Amino acid sequence: MQKLFSSLLLLSILSSFVCAFDTAPHFDLTRSIMQERGFNDSSIKIAQVENWLTDYYSSTPTTSKENRANLEKLHFDNLFTTAEIENNWGWLINNLKVATQKAAKEDKPQEMLAIIGIGLHATQDFYSHSNWVETHPRFPDGAFQTATFLSSALPSENLFTGKYPADRKIGFDGKPVPADAKIHGDYQDGINHDSPVRPNWAEAYVFSYTASLELLQLFERWTDEINPNFWKKIQQIKLNADETKKLDYDLRAVRNISMWVKGKGADGHWKGDKSGVARFFDTFTPKWIASSTSVFVKQISEGDLPKQLSQNLYSTNPAPKFSKLSQLSPKKRAIILRTTLIKETDDVSLLEPKIDPRGKADFYSVTKIGEQIYTDRVLQDFSEFQNPWFAIHFVDESMSQVPIKIAVFDEDDTDADGFYKDDVCDINPAKGKTDLDFLFNLKNGSVIGDISGFYPNESQSFTATGSKPDKNRAKIGAYITQFPLR
């Protein structure tokens, strides 16, 4: 009976992972902008967990029906006109301000970080779920636009977001869904830009980056109006040993559950599909659900925040007016690292084990660009894969170079304390070295180090292959380029 209950529970969770930016873009964006704005590691981790829980608790039965209904409204789906979008933004900004100033007045930094996580999730979803990127394309030279909804005059084009789920007939407002409404879709179709396997994902990611910075500025302004010392406390939050342990376990759940979700059409939800594996998902998820619930989880699963922040969303009540922001001038460049190939080498002898002796490799990459680490999706049971991974990193335009490290692993462990208990794969031709380390020169676009040269696009990508006597050899291809933000 317990096993049956667990299976039914896990199946019901699966639908939580198909209606938002994949978890990794939310996860990476939240760290990027909060690190840039001076938050410590604990504060960033809390916001990353709360950001993910906004998705997770949108449909899981481990929270109340009312809570699920409230969280469902925080993804910018099912808005079919510019006026509906504008009203929704108005109520969201109003609700975030009211909740922020309440937390500041009551001096509750952990609650404020939950507000930040939820607010960032909703904001980031708008650019992933709407046609904003299609109405604001990149400049002819490839530079990314950064004018967001909050900093732009309303466009003459009709804005809309996707219908979710695809068979929805009645909207959140009780009105029939327009017959010509575009579906949100999945990895193969629809208007979404949820992952690197979807069109215009990079554009949605850059808009979300700028919009997230804007929202953090608003949060700081709102807290300073009530409690000038509160923002610093949020940035430098201190946790006790038990809170830290539980937070780290929640952070593992963010990655593991999203990476391994499998069933009901889901095949991973980290940074594209192909990463789902039922036996890992079924091993880890029940243990996390049954564990002692952290205060960070309770803020979303049991607290009042979802109700506060979803108040009047999708209603016909006119939203309070808010002043448009001045457009940010980020003075940033987006570094784009695109992996074009990962492949097992074919030089394994009869006396040497393959990367995965039981079958094909389960490759994933861990890339460090500057000071940020990007863990990409696992490709379950592939000996070769084209265009597997995609990372975008933001740097100040004044920088002259940035260090990059690419490591590739074969996933083996269902519940490791860290990701690095998995087997390291050798992608470096030098004896005794497995990873690739190099410097990217932002002045001329060249690289120097374990690879050297100029590799700006797919037709001019580099390749590197591990060599004997090192084990677990693989071949990788990639290119690296950059574009300004304007």
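In table form, for the structure just shown:
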| read-out | value |
| --- | --- |
| Dipole magnitude of the chain about its Cα centre (Cβ charges: Lys, Arg +1; Asp, Glu -1), debye to nearest 20 | 640 |
| Relative contact order (%) - the chain, alpha-carbon pairs under 8 angstrom, separation at least six | 17 |
| Pairwise FRET efficiency - Val98 versus Asp248, Cβ, R0 = 35 Å, nearest 0.05 | 0.65 |
| Qualifying trypsin sites (Lys or Arg not before Pro) in the stretch 108-186, DSSP loop, other Cβ atoms within 10 Å at most 10 | Lys169 |
| Karplus-derived HN-Hα couplings along the stretch 317-326 (A = 6.51, B = -1.76, C = 1.60, θ = phi - 60°), whole Hz, x at Gly and Pro | 5, x, 6, x, 6, 10, 7, 5, 7, 6 |
| Relative contact order [Cα under 8 Å, 6+ residues apart], the stretch 332-484, whole percent | 29 |
| Positive-end residue, the stretch 332-484 charge dipole about Cα centroid, Cβ charges, pick of Val424, Ile336, Pro484 | Pro484 |
| Cβ-Cβ FRET estimate between Gln188 and Asn317, R0 fixed at 30 Å, reported to 0.05 | 0.20 |
| Selection from Phe219, Ser349, Gly119, by position along the positive dipole direction of the chain (Cβ) | Phe219 |
| In Å, descending, principal axis extents of the Cα set of the chain | 70, 61, 51 |
| FRET efficiency estimate (nearest 0.05) - Cβ-Cβ, Ser398 to Lys431, R0 51 angstrom | 0.85 |
| Pair Thr62, Ile373: separation of 7 Å Cα→Cβ label points (nm) | 2.4 |
| All aspartates and glutamates inside 20 Å of Lys321 as judged from Cα atoms, apart from same-chain residues fewer than 8 positions distant | Glu84, Glu86, Glu214, Glu220, Glu225 |
| Distance between the stretch 270-299 and the stretch 380-404 - C-alpha centres, whole angstrom | 26 |
| The stretch 332-484: C-alpha gyration tensor shape, a/c 1.5 cut-off, then a/b vs b/c | prolate |
| Under 14 Å from Lys471, Cα to Cα: aspartates and glutamates that are on another chain or at least 8 residues apart | Glu344, Asp346, Asp347, Glu352, Asp356, Asp410, Asp422, Asp423, Asp426, Asp435 |
| Dipole moment magnitude, nearest 20 debye, the stretch 203-254 about Cα centre, only Lys, Arg, Asp, Glu C-beta charged | 260 |
| Residues Lys271, Lys287, sorted so that the one with the fewest Cβ neighbours within 10 Å comes first | Lys287, Lys271 |
| Near-label residues of the stretch 331-354 by backbone N, under 18 Å of a point 7 Å along Cα→Cβ of Lys468 | 344-354 |
| Label-to-label distance, nm, for residues given as Lys105 and Gln217 (7 Å Cα→Cβ offset) | 2.7 |
| Cα gyration tensor shape of the stretch 311-350, rounded if a/c is under 1.5, else prolate or oblate by comparing a/b with b/c | oblate |
| Rounded tilt (10° steps) of 82-106 against the dominant C-alpha axis of the chain | 90 |
| Principal-axis tilt of helix 2-14 within the chain, Cα atoms, nearest 10 degrees | 80 |
| Estimated dipole of the stretch 294-373 in Debye, rounded to 20 [Cβ of Lys and Arg +1, of Asp and Glu -1, Cα centre] | 700 |
| For the stretch 91-149 and the stretch 163-214, distance of Cα centres in Å | 16 |
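Where a number appears in this text, it was derived from the coordinates with a stated rule and is not lab data. Note that the structure is a prediction, hence the values are computed from the model and not measured. FYI the Cβ positions are ideal-geometry reconstructions off the backbone, even for glycines, and counts take in every protein chain you see.
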